[in-house]
1. Taking Cα atoms, how many degrees apart are the long axis of helix A:127-161 and the longest axis of chain A, rounded to 10 and kept between 0 and 90?
2. Compare A:Thr161, A:Thr120, A:Thr75 in a GNM of chain A, Cα atoms joined below 10 Å, and give the one with the largest fluctuation.
3. Relative contact order for the range A:64-207 using alpha-carbon pairs under 8 Å, separation at least 6, rounded to a whole percent?
4. If R0 is 45 Å, what FRET efficiency do you get for A:Leu20 and B:Arg14 from their C-beta distance, rounded to 0.05?
5. Tilt of helix A:177-204 relative to the longest C-alpha principal axis of chain A, in degrees (0 to 90, nearest 10)?
6. If you take every residue apart from A:Ile108 with its C-beta less than 14 Å away from the C-beta of A:Ile108, what net charge results, scoring Lys and Arg +1 and Asp and Glu -1?
7. For the ranges B:29-40, A:103-114, what's the packing order if you count other beta-carbon atoms within 10 Å of each residue, average per peptide, and put the highest first?
8. Counting alpha carbon pairs within less than 8 Å and at least 6 residues apart, what relative contact order, in whole percent, applies to the range A:2-152?
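Values quoted throughout were computed directly from the atomic coordinates according to the rules given, and no laboratory measurement underlies them. All values derive from a computational prediction rather than experimental measurement. Glycine also receives a Cβ, built like all others from the backbone with ideal geometry; neighbour counts cover every protein chain displayed.
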Amino acid sequence: MDNYKILKVTKIILNIFWYLQLAVVASIILIGLLLLFDVDFIDLNRLNGFKIHFSKIIFSDPLIYNGENYDFSLTNGEGRLHINDLDQKFVYLRMFGALIDSIVYLMIIHFLRKIFESLTENKYFVSSNGMYIKKIAISIIFLSIVPEMIYYLTDRWIISTIELKNVIFKNEFNFEYQTILLGLLVFVISIVFLRGIELKEDQDLTI
Amino acid sequence: MPIITNLDVVLAKRKMSLTDLSERVGITIANLSILKSGKARAIRFSTLELICKELDCQPGDIFEFVPKNK
């Protein structure tokens, strides 16, 4: 398969991802609005609760193993907490974090589509491609920090508001340094790419 | 850019068109237009030599330095 066909196929796949991600963003916004206006056919209880992290859950009933009782606990996990018939502001905060996440992914896909559009038109070394790569890098770094901050702040609010016997909630900031490293790598590549374009232009405009 | 090209002035003095110059020195009209319009980033010595030889002029006749403040 030659380069052009690979680019065309990748462009089609990206377009599919674009529409899927657009649907995700649109549905988050739509559900948020429906919840906000307290529409009857949206049952908050059926929204699958919201994610929580716990460091320990202590069970009062023992674990039975081979007919013998053992004390046990669950540690370092996450689950979805379902609280029926409660005005759950936490859901909105979680949705906000998910919305930011989804919008940034949408932007990354958009920039990638633009790059592949250029490539299919045989425009490889153009400054717009370099700028899109730079924007992708910034988006990746943003993704590794901002949604995590929102989730962290939401977790803090949950922990300070909810008391659950025998459950020790956990609140930690998941610093995704690998994603930041990846973002920095892409950023460096964009700097080098843009410098390469400058050199190419210098060469093209040398008489 | 601080370096200004006066190629059109020299061509006018020699009563030569850009097309004539292009044919004589073997540089495309496109490239000469880039030079004339001031969009060129650099010029090879070999190219400058050909142009000066054909126009019977000095490099200083074609190029002028105007500092940015002026």
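1. 10 degrees
2. A:Thr161
3. 28 percent
4. Plugging the Cβ-Cβ distance into 1/(1 + (r/R0)^6) gives 0.10.
5. On a 0 to 90 degree scale, this one is about 10.
6. +3
7. In descending order of packing, they fall as A:103-114, B:29-40.
8. 27 percent
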